[in-house]
Amino acid sequence: MKLSVLVLITAFAVALSIGLVNFHFQQSLYYMLVSFGISFLTSFIVFYYLLEKYIYTKITLIYKLIHNLKLGKDLKEAIGEYVSSDPLNDVEQEVKAWAGEKKKEIDLLKKQEQFRREFLSNVSHEFKTPLFAIQGYVETLKDCIVDDPERAKGFLEKASKNVERLSYLIDDLDSISRLESGEIPINYEKFDVVLLAKEVMDSLEEKAKKRNIKLFFKEKYMNPAYVSADREKISQVLFNLLQNSLKYGRENGFTAIKIFELHDQYLIEVTDNGIGIDEKQLPRLFERFYRVDSHRSREVGGTGLGLAIVKHILEAHQQIISVRSTLQIGTTFAFTLQKYS
């Protein structure tokens, strides 16, 4: 009996001890969980505040600055402007757009650099050719001016032609430069472009006869076509286009002019049945010194600036010029002029 009571008392004491241990453990776990929760919540609030205050706000400001810089605004205008609810996406799109624009600018600069190199190379070549020729003729003149006057006279004439070529080249370069900078004013006046075209054709009649090329109007114009433009400069446009056509035209062929009446403009076409131009070369045709066939171009003469001058004169009139061509069939240049009203 005493043993049973002792066992019960012992069991109760053990159970009580275990209960007390469990109670203290649960209480410690509870406090630990509460402490962790409070720490996590505090950390979250602090982190969110820092993210909102120092990161998100900065990104928003960057977006404003990028957006306003693209619009060309002052930086001060970025403050207080509306920003969408997703500035992070806006920044991404703006940066992508900006990067795309910069890539286009870089590509354009590369093309311009390539054009600059080609231009300088062409200028150097165009000047060297007549200069070397003149130098050779002068050296020969020194040797034969006394012993063979007739031969010396021939070399002198050749040197004179090369000096003339240099003079034309310098004049054309100067004209293009002044047209590009707007230094040459456009003197608008009323004149009949049909009459002007006939005058230009008459001035080139002898050159056309030498190559058996017929110059004519495709249609017979009974009524004048009055335009508002600079008569002298449009005369140069027609002269350059017709002369270019005669240079590359087919012997026993033709060069014709046709004028179409549009709503408030006249469309003037210069067409030939010459050798034609490869379609791939058409986009570069109006570049300075660009030649479709370098060898033949230098054989027939010219400065290589005629079409570039044509383009600049018409652009100064706020008009356009286009070209279409097929190899071995012919070429057509077309440009517009404002009607006189």
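General observations
- Surrounding net charge for residue 253, when Lys and Arg each add one and Asp and Glu each subtract one, Cβ distance under 9 Å: +1
- Relative contact order of the range 126-228, pairs being alpha-carbon contacts under 8 Å that are 6 or more residues apart, as %: 24 percent
- Residue exposure sequence - 163, 194 - by fewest surrounding Cβ within 10 Å: 163, 194
- Residue 202 versus residue 156: modelled label distance in nm, points set 7 Å from Cα along the beta carbon direction: 3.6 nm
- Annotation for residue 96 and residue 186: the two label points, set 7 Å from Cα along the Cα-Cβ direction, are 4.2 nm apart.
- Inter-label distance for residue 210 and residue 164, nm, one decimal - labels placed 7 Å from Cα along Cα-to-Cβ: 1.0 nm
- Ordered by the count of other Cβ atoms within 10 Å of each Cβ, fewest first, 260, 254 give 260, 254.
Bear in mind that the values in this text are calculations on the coordinates, not laboratory data. Everything numeric here is computed off the predicted structure, so don't read it as measured data. We place every Cβ from the backbone using ideal geometry, glycine too, and count neighbours over all the protein chains shown.
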